[in-house]
Amino acid sequence: MAGTEASRRLAEWLRDQYRSDGFDAEIVSYSAWMPQPREVKLELTKPENKPLATPEQAVSGDKDTSDKRIVPAFNSYSPSADVTAPVVYVNYGLEADYQQLEAMGVSVEGKIVLARYGQGYRGIKVKVAEQHKAAAVILYSDPQDDGAVAGQTFPNGPWRPISGIQRGSIIYTQIYPGDPLTPDIGSTPGGTHFAPADAPNLPRIPAMPINAQDAAVILGALTGPRAPSGWQGGLPFTYHVGPGDAEVQMTLSMDYKERPLYDVIAKLRGTDDGEWVILGNHHDAWVYGAADPGSGTASMLEAARALGTLAKSGWKPQRTIVMCEWDGEEEGLLGSTAWVQANLAELQQKAVAYINTDVGVTGPNFTASATPSLKDFVRDVTRDITDPKSSRSVYDAWRAYSAQQQETHSGTARQAPPQDASGKVPIAGMGSGSDFSAFLDHAGIPCIDMGFTGPYGVYHSAYDDFYWMKHFGDPSFSYHAAMAQILATVALRLDEADILPFDYPAYALEIEHAATNAFTKTTNQTDEDALAATLDAAAHLSASAHNASEALRRISNAPLDPQRADEMNHALASVEQAFLAPEGLIGRPWFRHTIFAPGSYDGYAVSMIPGENDALQRNDSATLRREAASLSAALMRASARLEEITRMAREAAQPQVPAGH
Ligand SMILES: [Zn+2]
């Protein structure tokens with residue numbers, strides 16, 4: 001867990017692994033305001049007394065589940081508290097759920113709300129509860145979402161048993177990730193320093209997680225109206241929303257202080273140290289974290305060993321390969337955000353792309369999200385890696401699974417991204433929830449996030465351990481090997497590309513779709529005019545992207561002057577930065593990317609052109625017009641860079657004029 005002595009020891013071990021593979025590896029330390037739990041208590045006080053907050057049960061055959069050092073289940077960044085109040089069940093605890101309660105005449109003011117996990121980031125649930133004046137939040141894992149209703153539970157299957165608890169941070173990463181007290185340290189001269197009471201991303205009401213067996217006691221005691229349709233979960237009785245007679249007491253004592261973070265930064269220096277290909281994953285975990293993040297870390301280390309072996313045989317990378325092991329991801333992307341902010345100017349100058357893996361393997365189904373410029377690149381890499389189970393390519397297995405998912409979920413609320421008209425496997429945009437956030441949202445660096453997924457009900461519990469992985473996640477560890485092959489191939493291809501494989505026509509097309517979609521949501525003439533301007537800018541970007549792509553295609557097989565190639569590659573990698581608005585999104589200036597941000601209301605889900613869409617959702621015309629102007633300006637900046645690339649490519653195609661003329 002971040003902030004502990006064990007985290008330092010793990011960082012040292014990782015550093016030494018990279019060193020033995022021939023990397024130049026160092027620990028880079030930061031500190032952040034972080035809590036650890038002293039006491040986490042919950043009791044039913046009415047209609048009868050009953051202690052809750054029962055811990056996860058030890059499982060016979062898996063000795064790790066009985067270790068006394070397992071941290072009690074808590075929600076990181078909850079304030080300390082002693083609250084006694086009646087309970088209201090709020091389903092997933094999202095805005096729409098509160099609107100439904102209001103329509104039923106049920107108020108949550110001064111109540112403790114009981115929300116189930118799922119459908120969004122837990123920090124959004126707490127923020128929404130805070131806005132509705134709830135006194136505290138209890139989060140629980142309903143068997144319907146990742147437990148017995150989904151399938152066999154641990155240790156007989158991969159799903160969450162009745163005593164399993166999901167730990168997790170509730171810091172408002174949707175406002176900004178990283179150290180709550182210094183949101184812009186490193187990236188802004190001087191920087192802000194908040195007192196804990198003023199930090200805008202810290203929750204003001206307490207929260208704690210419980211298991212389904214404790215939730216059953218509380219839910220079973222609730223009276224009041226019957227839960228609306230869609231709110232009934234998997235526990236074997238009819239849910240009521242409350243409040244009624246049920247009352248609970250929550251007692252939390254959190255030990256807050258500045259605690260150390262230990263990032264590991266490992267470099268394999270290239271011929272050209274002016275360009276960096278960066279890979280990363282976190283090393284901190286809530287308990288064992290065999291899947292989250294251990295599976296990703298194992299694959300990263302194996303990729304590093306392969307690259308190191310190549311280097312020892314005489315190969316030298318063209319660009320520098322940087323492999324990062326972040327600390328404090330679970331608390332709120334602390335380690336990656338601190339490093340990006342501290343090295344912002346150098347990263348914006350040198351970074352070609354950032355490749356993230358986190359939960360590397362929980363099953364056989366490949367999944368990726370990426371900035372649109374890199375989606376085809378990801379598809380291409382997976383065409384050349386073999387899927388261990390089917391012996392087809394990872395791409396073909398991925399495409400078949402994705403089509404099957406599409407069929408299963410079509411017509412339901414859980415929609416996968418629509419199948420590409422070209423028949424390519426769809427790849428989602430970048431939301432949030434892992435360490436790529438600072439790279440993309442704050443620094444404007446192109447990103448990819450990848451992993452293999454499967455039935456995984458032990459997320460953030462003590463059961464995410466070696467036994468789980470060995471019996472359910474990846475018994476032969478063959479998907480760990482495939483993940484290592486994918487990471488190393490991505491690194492090598494980006495490293496050795498003469499011209500970087502960015503696809504800007506695809507990027508522009510996605511922006512045109514998003515801008516058109518926003519335009520259709522306008523309800524008055526002024527808004528319509530504002531968004532018509534962004535539609536024009538998006539069309540202009542498309543034209544510039546196509547010209548650049550055509551000019552680059554013409555020189556793709558010609559020998560290139562290294563300095564010209566270098567200039568073109570820098571320009572190609574920096575188009576993403578043109579999408580940054582220097583002043584950031586209105587209301588959350590840390591998020592500077594005008595095309596992508598995590599949703600303000602949906603948590604992990606991606607929000608495209610977030611400034612316009614958030615303003616449309618709030619019906620805020622003044623903000624909408626400012627965000628539309630900021631987006632149009634960003635699109636025009638990106639167009640100008642692409643036109644510059646077209647010019648460079650056309651010049652490179654001309655015969656060289658001898659010097660002196
Ligand atoms: Zn993780």
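The values are calculated or read from the model by the stated rules, or taken from the named source; none is laboratory data. All values reported here derive from a predicted model rather than from experimental measurement. A quick note on method: Cβ atoms are made from the backbone with ideal geometry, for glycine too, and the neighbour counts reach across all protein chains shown. Just the protein is used for accessible areas: all its heavy atoms, side chains included, with ligands, DNA and RNA removed. Shrake-Rupley method; radii C 1.70, N 1.55, O 1.52, S 1.80 Å.
What to note about this one:
- Dimensions of the range 290-376 based on its C-alpha atoms, expressed as ranges along the principal axes with the largest first, amount to 38, 35, 29 Å.
- Aspartates and glutamates whose Cα lies under 13 Å from that of K424, excluding same-chain neighbours fewer than 8 positions away: D376, D380, D396
- Rounded to the nearest angstrom and listed largest first, the equivalent-ellipsoid semi-axes of the range 456-556 from its Cα gyration tensor are 42, 27, 7.
- Charge dipole (the chain, unit charges on Cβ, about Cα centre) - positive-most of G451, G274, S476: S476
- Its residue count N fixes a reference of 2.2 N^0.38 Å for the range 328-463, and the Cα radius of gyration divided by that reference is 1.15.
- Cα pair distances exceeding 47 angstrom across the chain, given as percent: 15
- Counting only lysines at least 8 places from K41 when in the same chain, those with an alpha carbon closer than 17 Å to its own are K50.
- Long-range tail of P(r) for the range 158-246 (Cα pairs > 17 Å, %): 66
- Computed over the chain: relative contact order in percent, which uses C-alpha pairs under 8 Å that are six or more apart: 16
- Beta bridges by DSSP in the chain, antiparallel share as percent, to the nearest 5: 60
- Think of the chain as having a plus end and a minus end, set by charges on the Cβ of Lys, Arg, Asp and Glu; of C324, G363, V83, G363 sits farthest toward the positive end of this dipole.
- Positive dipole terminus of the range 452-609, leading residue within A581, A537, A514 (C-beta point charges): A514
- If you wrap the Cα atoms of the range 97-225 in a convex hull and average its projected area over all directions, you get 10.0 nm².
- Only protein atoms count toward the accessible area here, which uses a 1.4 Å probe; on the chain, the carbon and sulfur part of that area reaches 51 percent.
- With all protein chains kept in place, the per residue accessible area of the chain amounts to 38 square angstrom at a probe of 1.4 angstrom.
- Net dipole in debye of the chain [+1 Lys, Arg Cβ; -1 Asp, Glu Cβ; about Cα centre; nearest 20]: 580
- Antiparallel DSSP beta bridges within the range 247-385, percent to nearest 5: 30
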